[in-house]
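The values are calculated or read from the model by the stated rules, or taken from the named source; none is laboratory data. As the structure is a computational prediction, the values presented were derived from the model and not from experiment. Heads up, the Cβs are rebuilt from the backbone with ideal geometry, glycines too, and the neighbour counts pull from every protein chain shown.
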Amino acid sequence: MNPSLRSYIAPPAGPILAADGLVARFIAHGITDIFLFPGGTIAPVLDAAKRNGIRLVCPRHEQGAGYMGLAQAKLRGAVSVVMATSGPGATNMLTPIADAFYDSLPVVVITGQVGTGDLDKPRALRQRGFQECDTLAIYKSVTKATFQPRVPEELGAVFDEAVRIATSGRKGPVLIDLPMNVQRTAIAALSVEPVAVPSSAESLDVSIAERFADAIAAAARPVLIAGAGVVSGDAVSALRALLDVHPMPVSCSLAGLGAVASDSALSLGFHGHTGFRAAGLAVQASDLVFVVGSRLDIRQTGTETARFAPGARVLRIEIDEDEIAHARVRVDDTWRAPAREALDAITGQLRGRPVPPRDAWWSTIAEWKKVHALDTSSPAGVLRPQTVISALSSATRAETLSCVTGVGSHQQWTARHFVVDAPTRRWFSSCGHGTMGFDLPTANGVAYERRDERVICFVGDGSCLMNLQELAYTAELGARVLIVVLDNQRLGIVGQFQKLNWGDDPTCGVRENPDFAAVARAFGLLAFTVTNEAELLEAIAQALAATGPVLIHARISTAEDVSPMLLAGQTLDAMWP
């Protein structure tokens, strides 16, 4: 028997239920927490979990629970479990699960469901059970697999399979939709077999490693593009080991930030839609683009895919065979392999080879970085968002922490001006799904998992209002979460898009916002309002000295746009303006 199951507590003087059997599998897989919002159709599993020492983490909304689970999965590199009841609980949980799917995070989502008697209704009926909906159909497009076990003895095997699917290959979420009567049915015994952890080792084709190494060593103007697969694939150390052996300029995707330190001499920042001019210029002028774990989506390449890196040979390491089959840009050589193992193999091939002289290339890049450096100062009487972000980055550069953003202009400013350096300065943002409201609950999830570390959460006024209720859990947790609301009284990036294309932003500009500091105090947080740089620096000093959660309401310029920006019809070296 798995030693961790010796203390398993069956229902007092009662039968062993299928819910108990499911919880036994939780314990066997090392699940210590469930992130949830409660409801009747998941109550049996919650009862069994509580009796057996699994912590039930209940924020204020299903999205809050979902994003906390995503944060744990990313930090642990292992599966997390989130739960919601049937009907509206399941539909409210859908958005964070879509985030997990597009940003490749291993989550098992368990939704309650009405009993099988109501599920087996005539097709003509829209609904028979209370809070019933077709959860399998709703979740199918944003999960790797969906299950709805109808026989209680299936639960253990279904959970084992869900964990296997969620954590294998390109990671992602799996749904188990759990009918109420199945949870409450008696079973003969618990399944307590230890979980065998499958080996992630794959047989790598050494000839491909040699071919990639040859191309890298021969390049005069190489650029490495590091995507989310470097971070989620536990390949940061492997990437940096390769760069120690064979230095080259590195541009990250938005999701890959931190693969190299933002302030490293090798770093170009990130490229694409709101990236750095120097990064875009380097990609377009390169003779070799080496892509590791990146989808090369439209925000990285722009719309002019036929003109992406026109003079470069493009090499790519990618684990998702569908991404390989449907590449958006020309790729000359692809290796389907886990990033860490492939990088290790290429490093082995490069070790001992001379690095060709690339002085002209490094000089050109240094000049681009100098000429196109971004300004972080604020004129008298105005507080620019760049000033806020860079000040906090500088004040905390020596700390191990996590940086979380919502989605909007503030996400792009933070990506540009906050130093990210995995694994000591981690980056959390909704990159594939682009979800406003991602910020506060994700910051809570990071703080829950890493209670001894600081979390800095940059959030725009619009994104903050999406899940403002999660400040209640922030206060309850009491951790060192520093929330910085960059309030420009507009939905900035969408308004900017509307003005560029139609000359007006009828629904995005001049929005009346609450006093965010007063709201935070009502929830029990220490809070400050700042309108200039002097007030900002004083608030930062007090916030960093605090032992609990703090909110800084920064009233920033309403006129600040995200610039430069890659617009439709432009190549990476010709960003607007």
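Per-structure values
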item	result
ASP20 being closer than 17 Å to LEU155 by Cα, of a type outside the set (A, V, I, L, M) and buried (at least 24 other Cβ atoms within 10 Å of the Cβ)	yes
Residue that is buried (at least 21 other Cβ atoms within 10 Å of the Cβ) and either in contact with an Asp or Glu (Cβ under 8 Å, 6 or more places away or on another chain) or assigned by TED's automatic domain parsing to the domain that holds SER286 (or both), where the choices are ALA309, ALA327, ALA360	ALA309
The stretch 406-460: number of residues that are in a helix (DSSP H, G or I) and of a type outside the set (A, V, I, L, M)	15
Any hit, the stretch 102-110, residues being touching a residue at least 60 places away in the same chain (Cβ under 8 Å) and out of contact with any Ser or Thr (no Cβ under 8 Å at 6 or more places or on another chain)	yes
Residue count for the stretch 307-360, restricted to those that are free of Cβ contacts under 8 Å to residues at least 12 places away in the same chain and more than 21 Å from PRO249 (Cβ to Cβ)	4
Residue match in the stretch 413-426 (condition: farther than 20 Å from ALA255 by Cα, at pLDDT 95 or above, surrounded by fewer than 24 Cβ atoms within 10 Å (Cβ to Cβ) and assigned by TED's automatic domain parsing to the domain that holds VAL519)	no
Enumeration of residues in the stretch 361-397 that are under 29 Å from the mean Cα position of the chain (by Cα) and assigned to a helix (DSSP H, G or I)	LYS369, PRO385, GLN386, THR387, VAL388, ILE389, SER390, ALA391, LEU392, SER393, SER394, ALA395
Selection within the stretch 327-360 - in a loop (DSSP other than H, G, I, E, B), out of contact with any Gly (no Cβ under 8 Å at 6 or more places or on another chain) and not basic (Lys, Arg)	ALA327, VAL329, VAL331, ASP332, ALA337, GLY352, PRO354, VAL355, PRO356, PRO357
Residue that is surrounded by the most Cβ atoms within 10 Å (Cβ to Cβ) [pool: residues in the stretch 511-538 that are within 23 Å of ARG60 (Cβ to Cβ) and touching a Leu at 6+ places or on another chain (Cβ under 6 Å)]	ALA520
Residues (farther than 14 Å from GLN183 by Cβ and surrounded by 17 or more Cβ atoms within 10 Å (Cβ to Cβ)) located in the stretch 107-135	VAL107, VAL108, VAL109, ASP118, GLY129, GLN131, GLU132, CYS133, THR135
Enumeration of residues in the stretch 49-76 that are at pLDDT below 95 and in contact with a Pro (Cβ under 8 Å, 6 or more places away or on another chain)	ARG51
Filter result for ALA265 (free of Cβ contacts under 8 Å to residues at least 24 places away in the same chain and in a loop (DSSP other than H, G, I, E, B))	yes
Flag if ALA166 is in contact (Cβ under 8 Å) with a residue 60 or more places away in the chain and in contact with a strand residue (DSSP E or B) (Cβ under 7 Å, 6 or more places away or on another chain)	yes
Where PHE290 falls short, out of the listed (1) within 14 Å of LEU572 (Cβ to Cβ); (2) in contact (Cβ under 8 Å) with a residue 40 or more places away in the chain; (3) not in a loop (DSSP other than H, G, I, E, B)	(1)
Hits in the stretch 301-316 - residues which are in contact with a Ser or Thr (Cβ under 8 Å, 6 or more places away or on another chain), of a type outside the set (Phe, Trp, Tyr), closer than 20 Å to ALA219 by Cα and assigned to a loop (DSSP other than H, G, I, E, B)	ALA309, GLY311, ALA312
Tally of residues being part of a loop (DSSP other than H, G, I, E, B) and touching a Phe, Trp or Tyr at 6+ places or on another chain (Cβ under 7 Å) across the stretch 276-287	1
Residues of the stretch 243-257 that turn out to be in a loop (DSSP other than H, G, I, E, B) and either modelled with pLDDT under 95 or surrounded by fewer than 24 Cβ atoms within 10 Å (Cβ to Cβ) (or both), as a count	3
Yes/no for VAL260 being β-branched (Val, Ile, Thr) and either farther than 23 Å from ALA218 by Cβ or assigned to a loop (DSSP other than H, G, I, E, B) (or both)	yes
Members of the stretch 74-106 found to be buried (at least 24 other Cβ atoms within 10 Å of the Cβ) and of a type in the set (A, V, I, L, M), listed by number	VAL79, VAL81, VAL82, MET83, ALA84, ALA90, MET93, ILE97, ALA100, LEU105
Flag if LEU383 is over 30 Å from SER207 (Cβ atoms), crowded, with 20+ Cβ neighbours inside 10 Å and either among the aliphatic types (A, V, I, L, M) or without any contact (Cβ under 8 Å) to a residue 40 or more places away in the chain (or both)	yes
The stretch 539-552, subset surrounded by 13 or more Cβ atoms within 10 Å (Cβ to Cβ) and in contact with a Gly (Cβ under 9 Å, 6 or more places away or on another chain), residue nearest to GLU470 (Cα to Cα)	PRO549
Test set (1) in contact with a Ser or Thr (Cβ under 7 Å, 6 or more places away or on another chain); (2) farther than 27 Å from ILE16 by Cβ; (3) surrounded by fewer than 24 Cβ atoms within 10 Å (Cβ to Cβ); (4) not polar (S, T, N, Q) - ALA71 fails condition number	(3)
Residue match in the stretch 123-134 (condition: within 30 Å of ASP322 (Cβ to Cβ), of a type outside the set (Lys, Arg) and touching a strand residue (DSSP E or B) at 6+ places or on another chain (Cβ under 6 Å))	no
Long-range neighbours under 6 Å by Cβ, at least six apart or interchain, first residue under 13 Å from HIS417 (Cβ atoms) within the stretch 387-401, second among the aromatic types (Phe, Trp, Tyr)	ILE389/TRP413; ILE389/PHE418; SER393/PHE418
